[in-house]
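Enquirer: Have a look at this one before I ask anything.
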Amino acid sequence: MFAPDDLTSDGFLGGRLTVLQPRRGYRAATDPVLLAAAVPASAGQSVLELGCGAGVASLCLAARVPGLRLAGLELQPAYAALARENAAMNGVALEVVEGDLSAMPAALRQSFDHVIANPPYYPAGGGTGAADPGRERAMREETPLATWIEAAVRRLAPRGVLSLIFGADRLPDALAALDGRMGSSVLLPLQPREGRPAKRVILQSRKGGRAPFRLLPPFVLHEGAQHDGDRESFSPAAAHILRNGGEFPFRLI
């Protein structure tokens, strides 16, 4: 487990949430906040987050949509404990279960209206590994992306929605993993600035959906052609999500 001196206390959603994170381990940035803003959940529904880490995505979703039944699955015990502490500290009822999504714990073998995930960004092998083993495990794929998606699909109720955020280079793998059980898929490219290639994407798909695949216009995260010193350059729409806890200005699915 993390010692108190190894943690920082960080604000999310303009200070609406206070989250403990490891100084040198995996630290949430914008991805889980953007993921939470895309989930079309409503009060009374159930949500499972695969690989919940310190719980940021689930907590951001709870701040936007009260009355959800939230559960998280986390492989690393120290992060699972941190997610429980963060949930309690923010007054959110989040059930966190330790375990491997490729061998789903019995406590989570039930149906959910939504499954969300921010899978590891880097593929297995190659590159320079992170010095911190917890960060390395969170950022580099050990379990194939197809296994993440299969685990999610199995947990979805009929008409349930899968929401994923991941690197744009993994899109072919993600689409290949969506089989005939899923449909009505929608893809949102996340563009760092106008004229720049999208580095992240949000993919949503509905279990039993039959509508055609839709590719949405890119969502631009930053204004200006390049970073301008210390000035925050988020676009107004991105700032509404990241600072105010808002949702995307359009419904993905």
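Enquirer: Considering only region 8-80, what is the antiparallel percent among its DSSP beta bridges, to the nearest 5?
Expert: 50
Enquirer: OK, next. Using a Gaussian network model of the chain whose springs link C-alpha atoms within less than 10 Å, name the residue from ALA237, ALA83, ALA107 with the highest mean-square fluctuation.
Expert: Largest GNM mean-square fluctuation: ALA107.
Enquirer: Here is a follow-up. Once all Cα-Cα distances of the chain are split into 10 Å bins that start at 0, what whole-number percent is in each one?
Expert: Histogram of Cα-Cα distances, whole percents per bin: 7, 32, 39, 20, 2, 0.
Enquirer: Related question: Residues with amide H under 5 Å of GLY72's amide H, sequence separation 5 or more or different chain, H placed in the peptide plane at 1.01 Å from N; which?
Expert: Correct list: GLU49, GLU95, VAL96, VAL97.
Enquirer: Something else: In a shell of Cβ-Cβ distance under 12 Å around GLU150, excluding GLU150 itself, what net charge do Lys and Arg (+1) and Asp and Glu (-1) give?
Expert: Here the charged neighbours net out to +2.
Enquirer: Then there is this: If you average over every viewing direction, what projected area does the convex hull of the Cα atoms of region 145-244 give, in nm²?
Expert: 7.5
Enquirer: Grab the DSSP H runs of the chain that are 4 residues or longer, score each as -39,500 (n - 2.57), total them, divide by all residues and round the 222 nm result to the nearest 500 deg cm²/dmol.
Expert: It lands at -7000 deg cm²/dmol.
Enquirer: What do you get when you divide the Cα radius of gyration of region 1-97 by 2.2 N^0.38 Å, with N the number of residues?
Expert: Scaled against compact globular proteins, the figure is 0.98.
Enquirer: Sorting check: for 209-216, 163-170, 195-202, which peptide has the highest mean count of neighbouring beta carbons within 10 Å, and how do the rest follow?
Expert: The peptides rank, most packed first, as 163-170, 195-202, 209-216.
Enquirer: For the chain, what is the accessible area per residue in Å², given a 1.4 Å probe and the full set of protein chains?
Expert: 45
Enquirer: Tell me the carbon and sulfur percent of the accessible area for the chain, rounded to whole percent, probe radius 1.4 Å.
Expert: Answer for the chain: carbon and sulfur cover 52 percent of the accessible area.
The values are calculated or read from the model by the stated rules, or taken from the named source; none is laboratory data. A quick note: this is a predicted structure, and the numbers were derived from the prediction, not measured. Virtual Cβ from ideal backbone geometry, glycine too; neighbours counted across all protein chains shown. For accessibility, only protein heavy atoms count, side chains too; no ligands or nucleic acids. Shrake-Rupley method; radii C 1.70, N 1.55, O 1.52, S 1.80 Å.
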